[in-house]
Amino acid sequence: MKRTFSISTQATSAHELVSSLQKRFVAGLEKLSQSHHDAHTFAPVEWLRDEGFHGGGVRYEASESSIYGRGSVNVSQIHYDDKPEKKLGSATAISTIIHPKHPLAPSVHIHISWTEMKSGQGYWRMMADLNPSNENEDHKIQFFAGMQAAAPAQFEEAKAQGDRYFYIPALKRHRGVAHFYLENYHTGDADADYLLAKSVGEAAIDTYLDILTRALDNPAKANETQCAAQLAYHTLYFFQVLTLDRGTTTGLLIHNQNDVGIMGSLPACVDKDLLTSWVARMKKPQDQLLQGLIDVLPAGSPCLVDEAAKQKLATVVRNHYTTHSEAIAMQASGDTVPSTVQNHS
């Protein structure tokens, strides 16, 4: 069975947009690889929702190379055109994370999505955040400047929403240094909203590619302290994604047909001992969630977060929120809380 697509005109336009962003980003990342004489390419992996009857997606994955430690550029579209009982018509998204190998090159997360109800009403979700393990003020300023140029009228609100969403209460700090987040965005002008999503997506991609190119063209040799900071930050990233990120959790609760893809944002290695030290800081029942995640990681510290580990981690998250549905309210929010799981019900 081939993957099918939504019959909605707006969903079709959204899929064309996120597919163009995927192509733009992958091409830029591969061009950077070639300029550094790295033969690595991003390999496409297709997944199907209900054997393709309700859509699916294609992600471009980067395995470890001389430049990239981990990376995923995923585009998906889920639709329920044949299910009149569903409130949701379709959900179309690009979600990408790049973790460079060099400790002085920052990671990035970008998400642009269009959610459309059967009523025809819909909204955009736009996220972009810069995630350095070793902070560089120039990179932060450049990233913010790129996002402000793309969305001057929305920038301050998006920055405030991002700061709320990416705050980690248990650790009293943020994930990342530059946050842009617009949740449930719709103004009534569909064309203007589409153009904003396009502008935000292209700016986030192009700004990050420039930052990454500059970081890698003249790389300083990372010292032991900077390498340790990278492992600690990747551990924090893992912690935030699996205990606070609503997008990851809702994706796992809705279906189990793309667990590895949903877990594509996880870094290659984490410090298991550091994770263990944070269990006591967690409120109940989230302490059980973190301990469960630690228990299924490979032995040793640091430990490799490979495909087998991702499958086990996905099962832990899914089982935890099935047992403790009230704990979803403890997850991050920027301004409004999306009703993603209910929409798919």
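So the values come out like this:
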item: Number of the exception - Ser95 against (1) in contact (Cβ under 8 Å) with a residue 60 or more places away in the chain; (2) more than 23 Å from Tyr123 (Cβ to Cβ); result: (2)
item: The stretch 155-182, residues that are surrounded by 20 or more Cβ atoms within 10 Å (Cβ to Cβ) and more than 30 Å from Val279 (Cα to Cα); result: Ala158, Leu182
item: Condition check for Tyr123: out of contact with any Phe, Trp or Tyr (no Cβ under 9 Å at 6 or more places or on another chain), surrounded by fewer than 24 Cβ atoms within 10 Å (Cβ to Cβ) and aromatic (Phe, Trp, Tyr); result: no
item: Subset tally (residues that are of a type in the set (Ser, Thr, Tyr), farther than 20 Å from Ile168 by Cα and part of a helix (DSSP H, G or I)) for the stretch 291-324; result: 3
item: Evaluation of Arg175 against (1) under 15 Å from the mean Cα position of the chain (by Cα); (2) closer than 19 Å to Ile94 by Cα (one fails), failing number; result: (2)
item: Flag for Leu29 being crowded, with 18+ Cβ neighbours inside 10 Å and under 30 Å from Thr225 (Cα atoms); result: yes
item: Residue that is nearest to Ile328 (Cα to Cα), among those in the stretch 286-309 that are surrounded by 15 or more Cβ atoms within 10 Å (Cβ to Cβ) and in contact (Cβ under 8 Å) with a residue 40 or more places away in the chain; result: Gln286
item: In the stretch 267-284, the residues that are in contact (Cβ under 8 Å) with a residue 40 or more places away in the chain and surrounded by fewer than 15 Cβ atoms within 10 Å (Cβ to Cβ); result: Arg281, Lys283
item: Check on Val18, surrounded by fewer than 19 Cβ atoms within 10 Å (Cβ to Cβ), in contact (Cβ under 8 Å) with a residue 24 or more places away in the chain and either outside any loop (DSSP other than H, G, I, E, B) or among the hydrophobic types (A, V, I, L, M, F, W, C) (or both); result: no
item: Qualifying residue in the stretch 183-206 (condition: closer than 26 Å to Asp138 by Cα and either among the hydroxyl-bearing types (Ser, Thr, Tyr) or in contact with a Gly (Cβ under 6 Å, 6 or more places away or on another chain) (or both)); result: yes
item: Subset of the stretch 43-59 [surrounded by fewer than 22 Cβ atoms within 10 Å (Cβ to Cβ) and either under 21 Å from Leu266 (Cα atoms) or of a type in the set (Ser, Thr, Tyr) (or both)]; result: Ala43, Pro44, Val45, Glu46, Trp47, Val58
item: Candidate set from the stretch 218-228 (those that are in contact (Cβ under 8 Å) with a residue 24 or more places away in the chain and out of contact with any Pro (no Cβ under 8 Å at 6 or more places or on another chain)); member that is surrounded by the fewest Cβ atoms within 10 Å (Cβ to Cβ); result: Ala220
item: Close pairs (7 angstrom Cβ cut-off, 6 or more residues apart or separate chains): free of Cβ contacts under 8 Å to residues at least 60 places away in the same chain in the stretch 122-144, surrounded by fewer than 22 Cβ atoms within 10 Å (Cβ to Cβ) and of a type in the set (A, V, I, L, M, F, W, C) anywhere; result: Glu135/Val177; Lys140/Val177
item: Set Leu195, Leu244, Leu212: member being more than 30 Å from Gln34 (Cα to Cα) and in contact (Cβ under 8 Å) with a residue 60 or more places away in the chain; result: Leu244
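Residue by residue, here is whether (1) free of Cβ contacts under 8 Å to residues at least 60 places away in the same chain; (2) of a type in the set (S, T, N, Q); (3) in contact with a His (Cβ under 7 Å, 6 or more places away or on another chain); (4) closer than 14 Å to Glu116 by Cα holds:
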| residue | (1), (2), (3), (4) |
| --- | --- |
| Glu51 | yes, no, no, no |
| Gly57 | no, no, no, no |
| Ile67 | no, no, yes, no |
| Ser72 | no, yes, no, no |
| His79 | no, no, yes, yes |
| Asp82 | yes, no, no, no |
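Values in this text are rule-based calculations from the coordinates and carry no lab data. Values in this document were obtained by computation on a predicted structure and should not be read as measured data. Using ideal geometry, Cβ is built from the backbone for each residue, glycine included, and neighbour counts are taken over all protein chains shown.
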